[in-house]
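Below you'll find the structure, written out as structure tokens, and then a few comments.
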Amino acid sequence: MEIVHSGFHREINYYLKFSPVVSCDLLLVQDIPSSVYVDNDQLFNLNRLNKLKTFVNSYVDVEKSTSKAEPFKVFIYSQVKKNLNITLPVHFRYHDPSDKKFNRVEIESPKVYIANCYQKGKILSLPCQNSTDFTDIIDISAVSYCPWIETEIAPITLSFLIPVGNIYSYTYVLPVTIFISWIACLVLTHVIIKKSREINKKLL
């Protein structure tokens, strides 16, 4: 498991190896902290193109900041193979201004489950593989649950730093931003009026 790319838009790569290889359905349950989110529209398109089968158990507001967001889970479905690579696109939320330059964000490795094969282990009731067909948050209550067997993997924690705005810059950044916005509006209004008069003269 590793995270690639830089900035606020990245990807989590999962690398799994199975031995011996048996015919099983595979489920990864990834806990997403409040400082991270997934784009439901992006996941829907990946699902439609058969590139990534996922189900998100709650509505994800991509506009919320970290302090207002809630953690949630992403269910990732696949089939057991000898070598399996899965890529999940993730995005980082903005943090509230602080006196620190960076905030640390951690993502734990997912829990791994298998189903529909002869395997012994702890059984849990989790969303079935056809949950990927649900694209509307209203339909989530109709999701069916199936028995999944938990498998053990070595835990991994991904840790990285996210830049944070300086809280002490607020007193001068806000008035400067408002001033520049007003100037831009006045200039834009002047240009629109000038162009309108020129067009009216040509029409007359």
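The values are calculated or read from the model by the stated rules, or taken from the named source; none is laboratory data. Note that this is a predicted model, so its numbers are computed, not measured. Here the Cβ is made from the backbone with ideal geometry for all residues, glycine too, and neighbour counts use every protein chain on show.
Okay, here's what the table says:
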read-out: Answer from Leu27, Leu52, Leu43 - the residue that is in contact with a helix residue (DSSP H, G or I) (Cβ under 6 Å, 6 or more places away or on another chain), of a type in the set (A, V, I, L, M), closer than 20 Å to Cys128 by Cα and assigned by TED's automatic domain parsing to the domain that holds Cys146; value: Leu52
read-out: Residue in region 112-122 that is of a type outside the set (Val, Ile, Thr) and without any contact (Cβ under 8 Å) to a residue 24 or more places away in the chain present; value: no
read-out: Filtered residue count, region 131-184, keeping only those that are in contact with a Ser or Thr (Cβ under 9 Å, 6 or more places away or on another chain) and small (Gly, Ala, Ser); value: 4
read-out: Total residues in region 58-116, condition under 17 Å from the mean Cα position of the chain (by Cα), under 18 Å from Ser34 (Cα atoms) and of a type in the set (S, T, N, Q); value: 5
read-out: Answer residue from region 11-24, given it is surrounded by fewer than 18 Cβ atoms within 10 Å (Cβ to Cβ) and either charged (D, E, K, R) or modelled with pLDDT of 95 or more (or both) and is farthest from Thr132 (Cα to Cα) among those; value: Lys17
read-out: One residue from Thr157, Thr171 being over 32 Å from the mean Cα position of the chain (by Cα) and not charged (D, E, K, R); value: Thr171
read-out: Matching option when the condition is surrounded by 13 or more Cβ atoms within 10 Å (Cβ to Cβ), under 15 Å from Glu11 (Cα atoms) and not charged (D, E, K, R), among Leu52, Leu84; value: Leu52
